[in-house]
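One structure is given below, encoded as structure tokens.
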Amino acid sequence: MHYTIFDTPVIRTLMRWISLFVFKMRGWRIEGRFPDIAKYVLIAAPHTSNWDFPITLCLTFALKGKIYWMGKDTLFRWPFRGMFKWLGGIPVDRSKSNNMVGQMIQQFSSDENLVLTIPPAGTRSHVMKWKTGFYYIALGANVPVVLGFLNYRTKVGGIGPVFLPTGDIHADMQRIRAFYSGIHGKHPVQEVYLMAPSSPLITAAEMQEGC
């Protein structure tokens, strides 16, 4: 994969100390650590605010991790292409003629090390469904899913359990939702349906349009 801010020695060290200081001043606690696994999908949930991204970056620096994230290819146009890629962005084509899940499976296949961060909700608005692209990426690439979280209510952020998808998406999604049931985003009203055990999943056809 391409060179990122997490590979830049001086900035990486500086950002770690800044991140630890910010967490301490804001009263946040960090739990867990990045697993010693070369490739996996990292869930970022709940996702209800624009603040989730910078806090996730701070958490990554604090735990000495390295992550990548997907973004619409239109975000990577000049003059921002270099900056977004340096921050760990991977441009993907989200047109209907392209399979985003397939693109990411291929990315896992071609890289020796890749931690791909994906918010299951796929949006910061009040949505009714979890998108399941992250699940099918992990299943197709035969890599684990790691549960990352930011709990604004308790001010705890970190890395949770690791599990390998079984292929039974409904059973696996219940396990995932059970973990996140007591974790709350910055705007809890937007996560009511995301956390409901009986909430429907995006269909396979809908999944082709994005993760």
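Where a number appears in this text, it was derived from the coordinates with a stated rule and is not lab data. As the structure is a computational prediction, the values presented were derived from the model and not from experiment. Backbone-built Cβ (ideal geometry, glycine too); neighbour counts: all protein chains shown.
Using θ = phi - 60° in the Karplus curve 6.51 cos²θ - 1.76 cosθ + 1.60, the 3J(HN,Hα) couplings for the stretch 169-181 round to 4, 5, 5, 5, 5, 5, 5, 5, 5, 4, 5, 7, 4 Hz; x is entered for Gly and Pro. Amide H contacts of LEU42 (H built 1.01 Å from N, in plane; Pro and chain starts excluded): LEU116, THR117, ILE118, VAL146 sit under 5 Å, all sequence-distant by 5 or more or on other chains.
Could the peptides 102-114, 41-53 be put in order, highest first, of the mean number of other beta-carbon atoms found within 10 Å of their residues?
Ranked from most to least packed, the peptides come out as 41-53, 102-114.
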